[in-house]
Amino acid sequence: MIANFSLSSLVSFVFFFFLFSPSSAASVGICYGRIGNNLPPPSTIVSLLQSNEVTTVRIFKPEPELLNSFSDSEIKLMIGVPNEMLPLLASNPVEFSLQWLQDNIFAFLPPTQIKYLAIGNEVFIKDPYYTPFVVPSVYNLHQALISLSLDEIIKISTPLAASVLSTSFPPSNGTFNPDLLPQIIPLLRFLKDHDSPLMINVYPFFSYINNKKDIGLDYALFNTQGVLLDNGLFYNNLFDATLDSFVAAMEREGFRGIRLVVTETGWPTAGGEAASLENARVYNGNVVKRALGDFGTPMRPSAGVEVFLFDLFDEDEKDGEEYEKHFGVFALNGVKAYDVNFS
């Protein structure tokens with residue numbers, strides 16, 4: 001069933017939502033990548049997610065069939081705005097962003113199912129042509145949401161690769177790449193002003209395989225008994241250390257209190273060294289336990305971090321190393337590849 005909301009009806013719908021919607025419990029989300037030629041149809045996905053108590057999903061672009069399958073399911077979504085759309089969203093009046101939202105998202109999905117808009121993905125590092133368009137797109141889409149009274153429901157940010165940090169060790173030395181500061185500073189200012197999160201993609205697996213000399217496998221998997229001491233703070237895993245590197249980098253630029261959302265993290269089950277079902281089970285299990293327990297990091301012990309596991313299924317058409325194709329938490333038949341619980 002298509003939601004088919006008109007722009008003129010959204011404000012009254014949002015008012016009703018604020019009056020009568022229940023508060024949501026803590027949850028761990030999952031990314032729904034679709035770079036594969038053998039994936040189950042979208043119509044089967046919602047029941048799979050509901051049966052496993054997954055309540056939040058990240059999709060990377062707004063495909064009508066996909067959005068329609070989630071409509072009225074009570075599953076909250078992070079919806080990606082494709083990198084290639086950013087020049088148009090940035091350079092046109094706000095009315096263009098408003099119409100784009102209606103035509104591509106709100107026509108298929110109730111707006112109150114949308115938790116986040118993710119503007120591009122890892123643009124600053126992996127797709128630098130689009131870098132100048134990120135922040136203007138963020139502002140235009142935010143103005144469009146304001147006009148619909150949706151800006152407090154739908155938060156906007158852009159997922160960053162961990163490599164936007166030029167220094168990440170020890171965590172207290174976290175520093176953004178100085179070449180990116182002209183883009184990152186206005187982004188942080190927007191996030192601070194509008195209570196939006198800094199979105200980051202965090203993969204201890206990649207850090208480990210690229211720097212085995214300095215990073216132990218147990219440290220990447222949350223298995224270490226040893227600790228890293230940094231300014232009186234103890235770190236027993238790379239995940240927390242990476243998050244606090246971002247905290248330190250933001251504070252270095254004068255921005256305190258911006259919350260973090262880990263928009264991707266995961267561990268491959270095959271395709272290379274340390275890529276195995278057991279390591280994926282251990283890593284993702286620890287990440288889920290940490291998120292559902294609302295545990296903070298050493299720098300922010302009382303601030304839990306929302307997490308999206310990558311990925312729902314293996315993606316057999318992804319580029320890169322073989323392990324890039326093997327991050328799926330579920331097999332194609334819907335059975336879990338390994339034991340991990342979302343609640």
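Laboratory data are not the source of any read-out in this text; all were calculated from the coordinates shown. A quick note: this is a predicted structure, and the numbers were derived from the prediction, not measured.
In table form, for the structure just shown:
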quantity	calculated
Gyration tensor verdict on segment 291-343 (Cα atoms; rounded if a/c is under 1.5, prolate if a/b is larger than b/c, oblate otherwise)	oblate
Per-residue ³J(HN,Hα) for segment 261-277, Karplus 6.51 cos²θ - 1.76 cosθ + 1.60, θ = phi - 60°, Hz, x for Gly and Pro	10, 8, 7, 8, 7, x, 8, x, 9, 6, x, x, 4, 6, 8, 8, 4
Proximal lysines relative to residue 192, as straight alpha-carbon distance under 27 Å, when same-chain residues fewer than 8 apart are discounted	61, 76, 115, 126, 155
Pair-distance profile P(r), taking every C-alpha pair of segment 220-324, with 5 angstrom steps and integer %	2, 11, 19, 22, 18, 13, 9, 5, 1, 0
Whichever lysines have a C-alpha closer than 16 Å to that of residue 325, once near sequence neighbours (fewer than 8 apart) are set aside	none
Whole-Hz couplings from phi, Karplus 6.51/-1.76/1.60, listed for segment 153-169; x for Gly and Pro	8, 9, 9, 10, 7, 9, x, 9, 6, 4, 6, 5, 8, 7, 9, 9, 9
